[in-house]
Amino acid sequence: MTDNMEKLLVEGLQEMYYAEQQLESALETMARQTENEEASQGFSEHREETREQVQRLEQVFEQIGQNPETREEQVVKSLIEEHEAFAEDNDGEVLDRYNMATGQKVEHYEIAAYGNLTSLAGKAGYDDAADLLSETLDEEEAALEEVTQVSEQFDEREISSD
Ligand SMILES: [Fe+2]
C-alpha cells in the first residue's frame, strides 16, 4: 500500500476516534432527553457499545503500529451541533422524533466510514485490524436497524392517533 493510501486509513481512524468520543457524550444526552422509552433505551445501549468502540479503535491503532490520536471530524461534529441547537428550542414528541432521525443519520455515516476503513485495513494486510473494524461495522448496522424500527413504530402510532 502506498504512503498516501496508508495516510487515508490512519486519518480515517483518527477521525472515527474523535467522532466516537463525541458520540459517547451525545448519546448520553439523547438517552436522557428522549421520553420514548424504547428509543431512550436504544440510545443508552448504543452509548455502552460506543464506549467499547472507542477501546476497539485503540486496539486497531495498536495493530497497525500507531499511537491513538484524534483528528477533528466535521460530519458527526456538525450533526451533534445541529442536535444541540434543536434541543434548546424543542422538547417532547418532536425532540424524540428528531433524536431518532439524528441517530439514523449518524449510523449511516458510521456505516460508510467503517465499511471503507475495514476494506482499506484489509487491503493493507492488517487482517486483525480489519476484523476489529468489521465488528464495529456490524454493531453500527444493528444500531441503525433498531433506531429505524423504533422511528417507524413511532410514526405509525402518531398517524393512527391523529
Ligand atoms: Fe459508533
Note to self: What are the ³J(HN,Hα) couplings of the stretch 25-30, residue after residue, when phi is run through the Karplus curve with 6.51, -1.76, 1.60 and θ = phi - 60°? Round to Hz, x for glycine and proline.
What the structure shows: 7, 5, 5, 5, 4, 5
Margin query: Can you tell me, using C-alpha contacts under 8 Å and at least 6 residues apart, the relative contact order of the stretch 4-149 as a whole percent?
Written below: 30
Margin query: Taking the alpha-carbon distance from LYS105 and a cut-off under 18 Å, which lysines remain once sequence neighbours fewer than 8 residues away in the same chain are dropped?
Written below: LYS77
Note to self: Quick check: pseudo-label points 7 Å beyond the Cα along Cα→Cβ at GLU48 and LEU8, how many nm apart are they?
What the structure shows: 3.7
Checklist line | Estimated inter-spin distance, ASP89 and GLN149, nm [label 7 Å along Cα→Cβ] | finding: 3.5
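Pull out the extension gain between HIS108 and GLU141, defined as 0.36 nm times the separation in residues minus the alpha carbon to alpha carbon distance; nm, one decimal.
11.1 nm
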Margin query: Within the chain, what whole-number % of the accessible surface is contributed by carbon and sulfur, with the 1.4 Å probe and all protein chains included in the calculation?
Written below: 42
Next item on the list: Skip the ligands, DNA and RNA, and give the accessible area per residue of the chain with a 1.4 Å probe, whole Å².
Entry: 55
Notebook entry, point to check: Considering only the other residues whose Cβ falls under 13 Å of the Cβ of MET1, what net charge follows from Lys and Arg at +1 and Asp and Glu at -1?
Noted result: 0
Next item on the list: Tabulate in residue order the Karplus-calculated ³J(HN,Hα) for the stretch 96-110, using 6.51 cos²θ - 1.76 cosθ + 1.60 with θ = phi - 60°, rounded to whole Hz; enter x for Gly and Pro.
Entry: 3, 5, 5, 4, 4, 5, 4, x, 5, 4, 4, 5, 4, 5, 5
Checklist line | Principal-axis tilt of helix 37-63 within the chain, Cα atoms, nearest 10 degrees | finding: 10
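The values are calculated or read from the model by the stated rules, or taken from the named source; none is laboratory data. The structure presented is a predicted model; accordingly, all values stated were derived computationally and were not measured. Ideal geometry is used to build each Cβ from the backbone, glycine not excepted, and the neighbour counts take in all protein chains shown. Ligands, DNA and RNA are stripped out before the accessible areas are found, and what is left, the full protein with its side chains, is counted by its heavy atoms. Shrake-Rupley method; radii C 1.70, N 1.55, O 1.52, S 1.80 Å.
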